[in-house]
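**Student:** Can you keep this structure in mind? I'll have questions shortly.
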Ligand code: FES
């Protein structure tokens, strides 16, 4: 697979408390489980000023708000195809 996913997880205190701690763990576990290290880059960001819609995660430049592990699973499953 030569596709790439760039995932930026907002680690500001609001997003972190609203679920991004678990979301980040979920993504890391998923990457490990499916051996996607070469295809998925994970980065953290500071508060992006959109706390009210959080937790926020940006994937390939697109902001996903109110993100849950269920939504993440859908996105990642789709990516694997
Ligand atoms: S903490 Fe994520 S947008 Fe503010």
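The values are calculated or read from the model by the stated rules, or taken from the named source; none is laboratory data. Note that the structure is a prediction, hence the values are computed from the model and not measured. All Cβ positions, even for glycine, are placed from backbone atoms using ideal geometry, and neighbour counts span all protein chains on display.
**Student:** In this structure, does residue 32 turn out to be within 12 Å of the ligand (Cβ to nearest atom) and either closer than 14 Å to residue 80 by Cα or at pLDDT below 95 (or both)?
**Tutor:** Answer is no for this residue.
**Student:** Can I ask one more? Please go through (1) closer than 18 Å to residue 74 by Cβ; (2) surrounded by 16 or more Cβ atoms within 10 Å (Cβ to Cβ); (3) more than 14 Å from the chain's Cα centre (by Cα) for residue 3 and return the number of the only condition it doesn't satisfy.
**Tutor:** (2)
**Student:** Determine whether segment 48-57 contains at least one residue that is closer than 14 Å to residue 76 by Cβ and exposed (fewer than 15 other Cβ atoms within 10 Å of the Cβ).
**Tutor:** Taking every residue of segment 48-57 in turn, none turns out to be closer than 14 Å to residue 76 by Cβ and exposed (fewer than 15 other Cβ atoms within 10 Å of the Cβ).
**Student:** Somewhere in segment 14-27, is a residue within 15 Å of the ligand (Cβ to nearest atom) and under 17 Å from residue 77 (Cβ atoms)? Give the steps one after another, and end with the answer.
**Tutor:** Pass one, segment 14-27, residues within 15 Å of the ligand (Cβ to nearest atom): 14-24.
Next, from what is left, pick out any that are under 17 Å from residue 77 (Cβ atoms): 23.
Yes, some residue in segment 14-27 is within 15 Å of the ligand (Cβ to nearest atom) and under 17 Å from residue 77 (Cβ atoms).
**Student:** While we're looking at this one, here's another question. Given the conditions (1) out of contact with any strand residue (DSSP E or B) (no Cβ under 7 Å at 6 or more places or on another chain); (2) at pLDDT 95 or above, and given that residue 60 satisfies all but one, which numbered condition is not satisfied?
**Tutor:** If we test residue 60 against (1) out of contact with any strand residue (DSSP E or B) (no Cβ under 7 Å at 6 or more places or on another chain); (2) at pLDDT 95 or above, just (1) comes out false.
**Student:** Need pairs with beta-carbon distance below 6 Å; first residue free of Cβ contacts under 8 Å to residues at least 24 places away in the same chain and within segment 16-42, second within 16 Å of the ligand (Cβ to nearest atom); sequence gap 6+ or separate chains.
**Tutor:** Within 6 Å, the pairs are 24/9.
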